[in-house]
Amino acid sequence: MKKITSAIIFLVTLISSSVSAQWVFAYEDGDNNWYIDYGDIKQDGDNIYVWVLNSNEYRSSVHYFHIDCEFPRFKLLTRKAYSQAMGKGDLIATDSKEEWHYKKKGDDTIMWTGLGIVDQACNQRKVY
């Protein structure tokens with residue numbers, strides 16, 4: 001049943017457009033700014049599904065993540081790369097990597113550092 005629910009959530013949100021998202025600034029990483037669409041976070045227990053935008057002045061990418069807040073770990077369900085900033089312009093590439101990424105000792109990537117994307121998204125989930 002969980003797999004069916006997850007699949008339905010994924011398919012429904014996959015058709016969401018980056019244009020309709022309400023991007024909220026989350027983190028700056030050098031020339032890149034990261035944003036989260038807090039208005040479109042889906043939750044299934046400790047698992048959340050969230051859209052994240054990575055943008056600089058030249059191009060951007062919109063990511064759809066499945067985050068397991070209990071462990072924590074995440075996987076990229078889909079990524080769409082655009083020719084302009086803030087999810088605008090031509091769609092130039094898409095991909096997905098459905099393997100789990102776990103936090104490793106000393107990992108200082110944007111997903112894990114300080115109030116990284118995983119922490120910020122998980123802090124928005126409802127605890128039952």
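Being hydrophobic (A, V, I, L, M, F, W, C) and either assigned to a loop (DSSP other than H, G, I, E, B) or under 17 Å from F25 (Cα atoms) (or both) is the filter here; which residues of region 66-88 pass it?
Selection gives C69, F71, A85, M86.
Quick check on region 89-126: of everything there that is among the hydroxyl-bearing types (S, T, Y) and over 19 Å from A26 (Cα atoms), which residue is modelled with the highest pLDDT?
The selected residue is T94.
Is it true that some residue in region 34-41 is assigned to a strand (DSSP E or B), buried (at least 20 other Cβ atoms within 10 Å of the Cβ), modelled with pLDDT of 85 or more and charged (D, E, K, R)? It would help to see each step written out before you state the result.
Let us first name the residues in region 34-41 that are assigned to a strand (DSSP E or B), namely 34-37.
Then drop every residue that is not buried (at least 20 other Cβ atoms within 10 Å of the Cβ), which leaves 34-37.
Narrowing further to those that are modelled with pLDDT of 85 or more: 34-37.
Next cut, charged (D, E, K, R) only: 37.
Scanning region 34-41 turns up at least one residue that is assigned to a strand (DSSP E or B), buried (at least 20 other Cβ atoms within 10 Å of the Cβ), modelled with pLDDT of 85 or more and charged (D, E, K, R).
The values are calculated or read from the model by the stated rules, or taken from the named source; none is laboratory data. None of the values given here were measured: they were computed from a predicted structure. FYI the Cβ positions are ideal-geometry reconstructions off the backbone, even for glycines, and counts take in every protein chain you see.
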